[in-house]
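Down below is the structure, laid out as structure tokens.
Since every read-out is calculated from the coordinates, none of them should be taken as a lab result. All values derive from a computational prediction rather than experimental measurement. Note that each Cβ is placed from the backbone with ideal geometry, even for glycine, and that neighbours are counted across all protein chains shown.
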Amino acid sequence: MDAMLDQIAETSMGTQIHPTAFVDSRAEIGSGVSIGPFCTVGPDVTIGDGTTLVSHVVVDGHTTIGAGAKLFPFCTVGLEPQDFKYKGEPTRCEVGDRTHVREHCTIHRGTVTGRGVTSVGSDCLLMAVVHVAHDCHLGNGVIVANNVVMGGHVSIGDGAVLGGQSAIHQFVRIGRAAMIGGVTGVGDDVIPFGFAFGNRAQLVGLNVVGLRRRGVDKAQIQQLHVAYKVLFGHEGVFQDRLEETRTRFAADPLVAEVLAFIDADRNRKMVRPD
């Protein structure tokens, strides 16, 4: 391998392409890009400045990779979705700046019956063997641990963390800075800042550690916790508890974000405490 790496050719823009890589002449390759052995880059691909494809990486379709990203061996980005309805339409796939896509990850392009684009934000980490299905949207700073699988049309907010071997059902929404425990099956939406865990996910509290890491002070966390108990901890009809929470805490920005998440799609079920 070291001998092969010595053969890398450097272009006028400082981009290095290994002689065993296939890069279509129509692809748009930024400056300072490194494309390692046995990589394949399709004709409709754009790769941003300073991005690295380590080796054996496949990027195809109408796909954009941001600047400073790093794609590790045997990951594939922008290939056809696993959907019989897909008939070769020019749908898209996007990966943001500085995002790392580890070994054997698969990120499929969108569908015309969905958003038309699968997108992974900036500064994300997708650990080994993660599957991001068609029309998913991952925000910025999302961390997805090993062997996580997502059905189509999943939406994950900024800064969320998904534990290893969790499975996210199609169309599920996971709010900003939420945390999903390992080996958890998520079939319903998870509120922003929530912590869900279990064979079939249950809400077990708030992602307090994540809130602290994001600089939320103790008083704000305590206020959010009180609102959480009103929303999920009382007997009675959930709609009544929702309105009580709105009346008492709507001025709090974190609580308001949770309420806005719920209001965005009242027809969807939500992960709740047991």
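Okay, here's what the table says:
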read-out: Rounded Å value of the spacing that divides the Cα centres of region 60-105 and region 123-193; value: 16 Å
read-out: Volume in Å³ per residue [convex hull over Cα atoms, computed for region 213-264]; value: 78 Å³
read-out: Backbone N under 19 Å from the Phe84 label point (7 Å along Cα→Cβ), restricted to region 129-164; value: 134, 151-153
read-out: Rg/Rg_ref, the chain, where Rg_ref = 2.2 N^0.38 Å and atoms are Cα; value: 1.12
read-out: Principal axis dimensions, largest first and in whole angstrom, of region 98-251 by Cα; value: 45, 33, 29
read-out: Inter-label distance for Gln202 and Arg272, nm, one decimal - labels placed 7 Å from Cα along Cα-to-Cβ; value: 1.3 nm
read-out: Exposure proxy ranking, count of Cβ atoms within 10 Å, fewest first, for Lys218, Lys229, Lys70; value: Lys218, Lys229, Lys70
read-out: Approximate spin-label separation Phe238-Asp49, in nm, with each point projected 7 Å along Cα-to-Cβ; value: 4.8 nm
read-out: Exposure proxy ranking, count of Cβ atoms within 10 Å, fewest first, for Leu211, Leu242; value: Leu242, Leu211
read-out: Tilt relative to the chain, helix 253-264 - C-alpha long axis, 0 to 90 degrees, to 10; value: 80 degrees
read-out: Rounded, prolate or oblate (a/c below 1.5 giving rounded, otherwise prolate when a/b exceeds b/c) for region 15-128 by Cα gyration tensor; value: prolate
read-out: Amide H contacts under 5 Å for Val190, placed H, 5+ residues apart; value: Arg173, Ile174, Gly175, Val271
read-out: Cysteines (scope the chain) whose Cβ has no counterpart Cys Cβ under 4.7 Å; value: Cys39, Cys93, Cys124, Cys136
